[in-house]
1. Testing the spin-label approximation: label points 7 Å from Cα along Cα→Cβ at GLU155 and ILE22. State their distance in nm.
2. Among the trypsin sites (Lys or Arg not before Pro) in segment 32-61, which ones are in a DSSP loop with at most 14 other Cβ atoms within 10 Å of the Cβ? Mind listing them?
3. Using a basic spin-label model with each label point 7 Å from the Cα along Cα→Cβ, how many nm lie between ILE143 and ALA101?
4. Counting only other residues whose beta carbon sits under 14 Å from that of GLU18, what net charge do I get with K and R as +1, D and E as -1?
5. Test of understanding: what is the full-extension gain from MET5 to ILE42, defined as 0.36 nm times their sequence separation minus their Cα-Cα distance?
6. Sort 145-155, 7-17 by packing, meaning the average of other beta carbons within 10 Å per residue, with the highest value first.
7. Of LYS24/LYS48; LYS8/LYS136; LYS48/LYS144; LYS24/LYS104; LYS48/LYS104, which pairs sit farther than 19 Å apart, going by alpha carbon to alpha carbon?
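Each reported figure results from applying straightforward, stated rules to the coordinates on display, with no laboratory input. None of these values were measured; they are calculated from a predicted model. A quick note on method: Cβ atoms are made from the backbone with ideal geometry, for glycine too, and the neighbour counts reach across all protein chains shown.
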Amino acid sequence: MLTPMQMKFAQLLVYGIEGIPISKTEAATRAGYSDAPREGSIMTNPNKYPLVCAYISNLRDEVREKYGISFEGHLEELARIRDQGKKDSRNLASAATTEIARGKVAGYYIDQKVIRHGNIDDMNLAQLYEKMRTIKEKNERLIKAKEALARSSAESESESKETTVKKLPSPPKKSDPDSTS
């Protein structure tokens, strides 16, 4: 299960401070971790902290659903802004910046550098299947963690309902004056 500090870290990372995005290090610091740069980095590693990563993913899904952000809609809005800028020759930088910020909140942008060696076109079929198997294995822990979070959430809701039902007193039995017994 997630610790309160892990939950706070995930919430700060997804929601930021007053809607302003913050870094992993700042989220870890505000969540109470002493070695924030290290903790902020490794807690977003699905191999080390799959439950935290699954929780972050669930929070991002909620944000996307709440604000109606979809990848396709995001791309359409960016294209509309681009087309309007070309047609009107106006500066639509603020509109584009706002849309990009929405995409960042939804998790469509990841700030990282990747050094590539080779090309998918250079791989043979066996190498492609091996690469797909590796990708699946890497993400399997995250998928299992998301399922575990969903199960524990459902179980805690069920326990909450059962507790509520058990705590309610049963209504007193009324004697029926018309009864012959």
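1. The two pseudo-label positions are separated by 3.1 nm.
2. Loop-located and lightly packed - LYS48.
3. Reported label-point gap for ILE143 and ALA101 is 3.7 nm.
4. Details: positive: ARG30; negative: GLU26.
In short, 0.
5. So the extension gain works out to 11.9 nm.
6. Numbers: 145-155: 13.5, 7-17: 19.6.
So the peptides 145-155, 7-17, ranked by packing, come out 7-17, 145-155.
7. Details: LYS24/LYS48 16 Å; LYS8/LYS136 29 Å; LYS48/LYS144 13 Å; LYS24/LYS104 14 Å; LYS48/LYS104 24 Å.
Those over the limit are LYS8/LYS136; LYS48/LYS104.
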